[in-house]
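**Student:** Take a look at this one; I'll ask things after.
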Amino acid sequence: MLTDFLTANQTAKAKRMHTLAIDFGTSNSAAGLSVNGAPWLIEMEPGESTLPTAVFFDPHSKDMLIGHRAVRALINGEEGRFLRALKSLLGTPLLHEERRLGGEKLTFVTVIARFLAELKQRAEAATRLTFTQALSGRPVYFHSADMARNAKAEEDLRACYLEAGFESVTFMYEPIAALRATAPVEGFGLIADIGGGTSDFTVFKQDAAGKSEVLASHGLRLGGTDFDRQISIETVMPHFGAGSNIRDSFGKGTQPAPKRLFNELATWQLIPFVDAPETRRLARDLAQFGEEPDKLARLVNVLEYELGHDVAFAVESGKINANKAAEAEINLTMVEPRLKAPLPAQTLAQAMRPLAQQIKAEASNALALADVPAAQVNRVILVGGSALMGLVQTELAALCPNASLDAENALTAVAAGLALSTAD
Ligand SMILES: Nc1ncnc2c1ncn2[C@@H]1O[C@H](COP(=O)(O)OP(=O)(O)OP(=O)(O)O)[C@@H](O)[C@H]1O
Ligand SMILES: [Mg+2]
């Protein structure tokens, strides 16, 4: 036994050095460990093993709420600052910008660190262990179009874990973690982890004895938050004046309303940056000179009453409903009574198809990297909330025509695989 060779002091220390597995997701997070060779996910909130990667700063108590409590505070209209999709800021200069949150000036590094520290604390309370090491998931590419940003993102996330109180952190590709939690079947398989911020792929081979071999991993910075943005730009932002004309204050000409503001408002991780006095001033100017002032008055409302996240949640739930039913709508009554944006399945498909096709193309590239013909894949393991989108499944099924699609553990496979890997 290893402990036979250690001093009493070292043995005591080794016993205290526990590793916590953390799936820090763009939309949802989970933590766990391996218990007797099985994954054990920590109950982060009553009855829940995953929780929204969301925080809410209460200016009165100065508390930072996380998870469902943070989402409830936002939905209940409590006064405070809400943040989500923080993972998408890793590797970008915005991560290091200071914001006034709950009476303190904080960078997003510290916000993520506090979120991770809260997970650590909850895990320690649930297990009565002390976790000094973290085993964290990471996408294959945080930034698939910019390798310098991609490297910086991991460096940033490491800094967050250290600030959260972990002594060290090891990273594992999220789809490889998901493979670890997948029951073996002989043949070639593809893990397709389509999450909130990224799409990640691992191509693998399993033999009759159940041994897995990773052949290639690949990824794309595209996920459910991008679906939300696209749907918002196409169906919601026009109600707020996107695409309408603004008269020049001096001459008689007109120009289209600036796209940037609407793009930011439709993008989860950029919503906090819209919340600024100069943006509100710009919106009021647009409403004054706009040819469709009623629509721009809604934009002014959204900014004045800080409804950007409420609108994003409405788009997200509209998307999930439209995925299940032929008729759905996006409820915008928080902006104006009776305001709803219809989202029939056909409109959803129109907004989503190019994105689903990009996912298919990168899954195909993953197979090419592994040198596995798509026709030989007998299983596609669907992981991640966005793998539940019918359009994504259709594209992946078309790519691998001889494969069965399995979405059984879509929402917990990454966390479970990381948890199992803490025993390595
Ligand atoms: N039933 C559903 N149908 C369609 N989409 C869904 C459903 N449930 C969740 N989603 C979407 O899945 C995404 C979140 O998935 P998931 O929790 O796997 O992401 P994540 O792990 O946080 O992100 P990432 O791994 O990319 O960092 C969100 O965009 C959400 O809107
Ligand atoms: Mg994920």
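Computed from the coordinates by the stated procedures, all read-outs in this text should not be read as laboratory data. Remember, it's a predicted structure, so these values are computed and weren't measured experimentally. Don't worry about glycine lacking a Cβ; one is built from the backbone with ideal geometry, like all the others, and counts go over all protein chains shown.
**Student:** Would you mind checking which residues have amide H under 5 Å from L215's amide H? H placed 1.01 Å from N; only 5 or more apart, or other chain.
**Tutor:** Answer set, sorted by chain and number: V203, F204, K205.
**Student:** Which one, F240, Q206, L190, projects farthest toward the positive side of the charge dipole computed for the chain from Cβ point charges (K/R +1, D/E -1)?
**Tutor:** F240
**Student:** Output the relative contact order of the chain, whole-number percent, from Cα pairs under 8 angstrom with separation of 6+ residues.
**Tutor:** In percent, rounded to a whole number, it is 18.
**Student:** With the cut-off at 29 Å, report for the chain the share of all Cα pairs above it, as a whole percent. The partial results should precede the final answer.
**Tutor:** Working: 44155 of 89676 pairs.
So the pairs more than 29 Å apart make up 49 percent of the total in the chain.
**Student:** Of G102, A419, A153, which is farthest along the charge dipole of the chain in the positive direction, counting Lys and Arg as +1 and Asp and Glu as -1 at C-beta?
**Tutor:** Going by the Cα projections, it comes out as G102.
**Student:** When only DSSP loop residues count, what trypsin sites (Lys or Arg not before Pro) in region 113-204 have their Cβ near at most 15 other Cβ atoms within 10 Å? Could you put the intermediate results ahead of the total?
**Tutor:** Numbers: sites: R114, K120, R122, R128, R149, K152, R158, R180; in loops: R128.
Of the trypsin sites (Lys or Arg not before Pro), the ones in loops of region 113-204 whose Cβ has at most 15 other Cβ atoms within 10 Å are R128.
**Student:** Based on DSSP H runs of at least 4 residues, each adding -39500 (n - 2.57), what is the mean residue ellipticity at 222 nm of the chain after dividing by all its residues, to the nearest 500 deg cm²/dmol? Walk me through the numbers on the way to the answer.
**Tutor:** Details: 14 runs with 168 residues, N = 424.
Dividing the helical sum by the residues of the chain leaves -12500 deg cm²/dmol.
**Student:** Write out the trypsin sites (Lys or Arg not before Pro) in region 334-424 meeting two conditions: DSSP loop, and at most 12 other Cβ atoms within 10 Å of their Cβ. Walk me through the numbers before you get to the answer.
**Tutor:** Values: sites: R338, K340, K360, R379; in loops: R338.
Answer by residue number: R338.
**Student:** As I understand it, the value is the acute angle between the Cα axis of helix 390-399 and the longest principal axis of the Cα atoms of the chain; what does it come to in degrees, rounded to 10?
**Tutor:** In the chain, helix 390-399 runs at an angle near 60 degrees to the longest axis.
**Student:** Report, to the nearest 10°, how far helix 277-289 tilts away from the longest principal axis of the Cα atoms in the chain, using its own Cα long axis and a range of 0 to 90°.
**Tutor:** Orientation of helix 277-289: about 40 degrees from the principal axis.
**Student:** Counting Lys and Arg as +1 and Asp and Glu as -1, each charge on the Cβ, what is the dipole of region 226-332 about the Cα centre in debye, to the nearest 20?
**Tutor:** Numbers: 12 positive and 17 negative charges, 57 e Å.
For region 226-332, the charge dipole is close to 280 debye.
**Student:** Springs between alpha-carbon pairs under 10 angstrom, Gaussian network model over the chain: which of D248, D275, D285 fluctuates most?
**Tutor:** D248
**Student:** Okay, next question. How many times 2.2 N^0.38 Å is the alpha carbon radius of gyration of region 226-332? Walk me through the numbers before you get to the answer.
**Tutor:** Values: Rg = 14.2 Å, N = 107, 2.2 N^0.38 = 13.0 Å.
That works out to 1.09 for region 226-332.
**Student:** Only loop residues by DSSP count here, and only those with at most 11 other Cβ atoms within 10 Å; note down the chymotrypsin sites (Phe, Trp or Tyr not before Pro) in region 212-312 that meet that. Walk me through the numbers on the way to the answer.
**Tutor:** Working: sites: F227, F240, F250, F262, W268, F273, F289, Y305; in loops: F250, Y305.
Those satisfying the criteria are F250.
**Student:** Which angle from 0 to 90°, rounded to the nearest 10, does the C-alpha axis of helix 147-163 make with the longest principal axis of the chain?
**Tutor:** 70
**Student:** In whole Å, how far is the Cα centre of region 279-320 from that of region 359-409?
**Tutor:** Each part reduced to its Cα centre gives a spacing of 38 Å.
**Student:** Count the DSSP beta bridges whose two residues both fall in the chain, then state the antiparallel fraction as a percent rounded to the nearest 5.
**Tutor:** On the way: 44 of 64 bridges.
Taking every DSSP beta bridge within the chain, about 70 percent pair in antiparallel fashion.
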